[in-house]
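Asks: Sharing a structure here in structure tokens format.
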Amino acid sequence: MSAVLDVRGLGATFPTPRGAPLRVLDGITFTVGAGELVCLVGPSGCGKTTLLQIIGGLRRASEGEVLVEGRRVTGPPPELVVLFQQYGKSLLPWRTVEGNVSLALENLDLATDERRRRVARNLAVVGLTTFEGYHPYQLSGGMQQRVAIARALARQSDILLMDEPFSSLDAMTRAGLQDLLLGLWRDFKKTVVFVTHDVEEAVYLSTSIAVLSARPGRLIETIPNDLPHPRDQLATREDPRFLRCRRRVHELIGRTTQHA
């Protein structure tokens with residue numbers, strides 16, 4: 001499997017108002033193959049979001065580099081799109097659902113008809129065809145996140161970076177969006193890097209799990225996840241392989257938390 005993301009010796013140090021600089025990431029190295037769904041987990045404050053922002057070209061590393069399809073990242077790569085945790089703030093409240101999705105296409109050289117087709121197609125994919133004229137405030141949290149997902153898909157980027165996108169949703173909505181994501185990942189052959197603080201979510205979604213230590217974040221271990229597809233919210237979570245993987249991730253995080 002060819003690597004589409006290559007993270008090499010990544011470190012991040014931030015200045016502080018007083019005292020020594022804050023070391024957030026230290027020596028992170030890993031690769032992500034085409035079509036993988038890699039979940040990043042670790043203790044709170046270990047630098048997961050910072051790592052995702054650096055991969056996405058939204059923040060500079062102090063040392064090391066990120067390559068996307070062999071090219072060094074110096075800004076947001078066109079092959080990649082970021083889906084943020086605060087989906088409500090990423091939607092423009094004065095725009096309709098259709099207008100928010102079309103925002104992703106406005107700097108592309110597309111004919112008006114093609115732009116409309118892409119918007120309609122991706123709203124259909126996330127089940128929001130009849131809501132194109134609604135505004136974000138008229139939608140539930142789960143529906144707002146579906147709009148954000150449709151906007152990301154409309155861009156037709158090969159790589160999705162997702163920063164705890166379901167963390168603020170209720171359990172039932174979250175489960176539905178997890179299954180939606182797995183369906184999109186399978187059908188559209190995307191490469192996904194998914195940050196989450198929820199170990200069960202990581203095991204349910206991933207093809208592998210990268211576990212970071214407490215700050216400064218270091219890569220402790222990457223755990224392959226061989227759970228079969230399609231996955232089911234009940235049967236998969238009762239599978240002995242799911243339980244073993246969940247236990248291993250908890251053990252690693254617990255160990256690094258105790259030694260922090």
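Please treat every number below as a calculation from the coordinates, not as lab data. None of these values were measured; they are calculated from a predicted model. Note: ideal-geometry Cβ built from the backbone for every residue, glycine included; neighbour counts use all protein chains shown.
Asks: Take residues that are under 22 Å from Leu83 (Cβ atoms) and in contact with a helix residue (DSSP H, G or I) (Cβ under 9 Å, 6 or more places away or on another chain) and tell me which of the helices (runs of 4 or more DSSP H) falling wholly in region 188-260 contain 2 or more.
Replies: 199-205
Asks: When the residues of region 177-230 are narrowed to those that are basic (Lys, Arg) and out of contact with any strand residue (DSSP E or B) (no Cβ under 9 Å at 6 or more places or on another chain), which ends up surrounded by the fewest Cβ atoms within 10 Å (Cβ to Cβ)?
Replies: Looking at the filtered set, the residue picked out is Lys189.
Asks: Could you tell me which numbered condition Val4 fails, if it satisfies all but one of (1) more than 30 Å from Gly254 (Cα to Cα); (2) in a helix (DSSP H, G or I); (3) touching a strand residue (DSSP E or B) at 6+ places or on another chain (Cβ under 8 Å)?
Replies: Result: Val4 fails condition (2) only.
Asks: Still on this structure: Listed residues Thr13, Thr31; which is β-branched (Val, Ile, Thr) and closer than 18 Å to Lys190 by Cβ?
Replies: Thr31
Asks: Would it be correct to say that Ala235 is more than 30 Å from Leu105 (Cβ to Cβ) and surrounded by 18 or more Cβ atoms within 10 Å (Cβ to Cβ)?
Replies: Judged against the criteria, Ala235 is not a match.
Asks: Is it the case that Leu108 is farther than 25 Å from Val32 by Cα, surrounded by fewer than 18 Cβ atoms within 10 Å (Cβ to Cβ) and touching a Lys or Arg at 6+ places or on another chain (Cβ under 7 Å)?
Replies: Criteria not met by Leu108.
Asks: Considering only residues that are touching a Pro at 6+ places or on another chain (Cβ under 8 Å) and within 21 Å of Gly56 (Cβ to Cβ), which ones fall in region 116-143?
Replies: Within region 116-143, no residue meets the criteria.
To keep it simple, each residue is scored yes or no on (1) touching a Gly at 6+ places or on another chain (Cβ under 7 Å); (2) surrounded by 18 or more Cβ atoms within 10 Å (Cβ to Cβ).
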residue: Leu10; (1), (2): yes, yes
residue: Leu25; (1), (2): yes, yes
residue: Thr31; (1), (2): no, no
residue: Gly35; (1), (2): no, no
residue: Glu63; (1), (2): yes, no
residue: Gly75; (1), (2): yes, no
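Asks: All but one of (1) under 16 Å from the mean Cα position of the chain (by Cα); (2) touching a residue at least 24 places away in the same chain (Cβ under 8 Å) hold for Pro76, so report the exception by its number.
Replies: Going through the list (1) under 16 Å from the mean Cα position of the chain (by Cα); (2) touching a residue at least 24 places away in the same chain (Cβ under 8 Å), Pro76 breaks only (2).
Asks: Restricting the search to region 192-214, which residues are closer than 23 Å to Val147 by Cα and either touching an Asp or Glu at 6+ places or on another chain (Cβ under 6 Å) or of a type in the set (Lys, Arg) (or both)?
Replies: Residues satisfying the conditions are Val195, Thr196.
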